[in-house]
Each structure stands twice: as C-alpha cells, then as structure tokens.
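Since every read-out is calculated from the coordinates, none of them should be taken as a lab result. Owing to the predicted nature of the structure, the values given are computational and were not obtained by experimental measurement. Cβ placement follows ideal geometry from the backbone for every residue including glycine, while neighbour counts extend to all protein chains displayed.
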Amino acid sequence: MSANPDPARGAARTVPTALIEESRCIGCTLCIEACPFDAIVGTARRMHTVVDSLCVGCELCVPPCPVDCISMVAGRPERVWTRAQAVAAGARVKAHKRRLERESLEREARLASRTREDEEPADEDLSDAGRGPVDRIAAIVARAVQRARQRRSGTP
C-alpha cells in the first residue's frame, strides 16, 4: 500500500493477526495444514505459534482448531498491508502449494514401493497352496522383520 492509499479502494486498516493460546494448544497440526502462508510453526503434539510478520489475517486457521485456542487480534498500528507484503505472501502461497504437491508425490511413491515389496515373491514361496492363513501371515511378518533389519543395518 502506498503512503497515500486510494480512498476508492477503501480505508487503510491494520492487519489482524492470529494468536494461539499456548496453554490450550494440543498440537494437532490442523492450523498448520490450513494456513496457506506457512505462518504457523510447530510439530505434532507440541504447542504451535504464529509468526506475526507472516500472518496475513485470513482467519483460515481458526475453524479447523478443535479446542478453539486461536483468536484473531487487532494488528499493531504500524502493521498496514503493503504491496511488498502482498507479493511476499503470494510467493509463500505458491511455495506452500509446491511443497504440498511434492509431499503428496513422495507419499504416493512410498506407498507404491511398499505395495511392490508386498507383491514381490520372497525367497520362500508365499502361495496359498498347502498353507493356512496363519502360515501365510507368519511368512509376511517374517519378511517385514527381515526388511526392517536390512534397513537398520544399511543393506539393501
């Protein structure tokens, strides 16, 4: 916003900011997922906080909160929306979308590789011929344990 805002576009106002009441936050990460500006930081089962300088006051984080620990507070008087902040916020939204797409592709690749591992025949025969369901499950569990041991030891 310029020093002399255009009155035809409305009056200049301060940007509200989300505030997380830390004592009530349960660390569910729903607010982090809802914020397209990546203005909320924290991890699962830990208290989250809002990065004041990144919050644009969109209120998208408020509805998903299951414990109602997020409220919008009036912004500081010196925090008036500027063109540079709008451009930076747009860039953060684009980066957020790219990150979500990348994470989705990585998740799909992991699931596909697990599915392939489960479908590949092991050294021992896992066919149902002559085996009961308990034997088949035991063989699958044994393969899973073997894969876990290989991962720990660093061998493929």
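Between Ala88 and Val62, the FRET efficiency from the beta-carbon distance, with R0 = 25 Å, is close to 0.65.
If you scale each eigenvalue of the Cα gyration tensor by 5 and take the root, what three semi-axes come out for the range 7-104, rounded to whole angstrom and sorted largest first?
Numbers: eigenvalues 115, 67, 20 Å².
So the three semi-axes of the range 7-104 are 24, 18, 10 Å.
Among the GluC sites (Glu not before Pro) found in the range 75-117, those both in a DSSP coil and sparsely packed, with 15 or fewer other Cβ atoms within 10 Å of their Cβ, are Glu78. Working note: Karplus 6.51/-1.76/1.60 with θ = phi - 60° gives the range 58-65 the couplings 6, 6, 5, 7, 5, x, x, 5 Hz, where Gly and Pro are set to x.
Taking 0.36 nm per intervening residue step and subtracting the Cα-Cα distance, what contour gain separates Thr29 from Ala74 on full extension?
The span from Thr29 to Ala74 would gain 13.8 nm if fully extended.
Summarising the label geometry, the points placed 7 Å from Cα in the beta-carbon direction at Arg9 and Glu101 lie 2.8 nm from one another.
Suppose the chain between Gln146 and Thr49 were pulled fully straight at 0.36 nm per residue; how much longer would it get relative to their current alpha carbon spacing?
Details: separation 97, 0.36 × 97 = 34.92 nm, distance 4.13 nm.
Extra length from Gln146 to Thr49 when fully extended: 30.8 nm.
Protection proxy ranking, highest mean first, for peptides 64-74, 136-146: 64-74, 136-146, where packing is the per-residue count of other beta-carbon atoms within 10 Å, averaged.
Placing +1 on the Cβ of each Lys and Arg and -1 on the Cβ of each Asp and Glu in the range 7-104, which of Gly75, Val56, Ala88 has its Cα farthest towards the positive end of the resulting dipole? Going by the Cα projections, it comes out as Ala88. Across the range 37-47, coupling constants 3J(HN,Hα) worked out from phi with the 6.51/-1.76/1.60 Karplus curve, θ = phi - 60°, read 9, 6, 8, 10, 10, x, 10, 4, 6, 10, 5 Hz, and Gly and Pro carry x.
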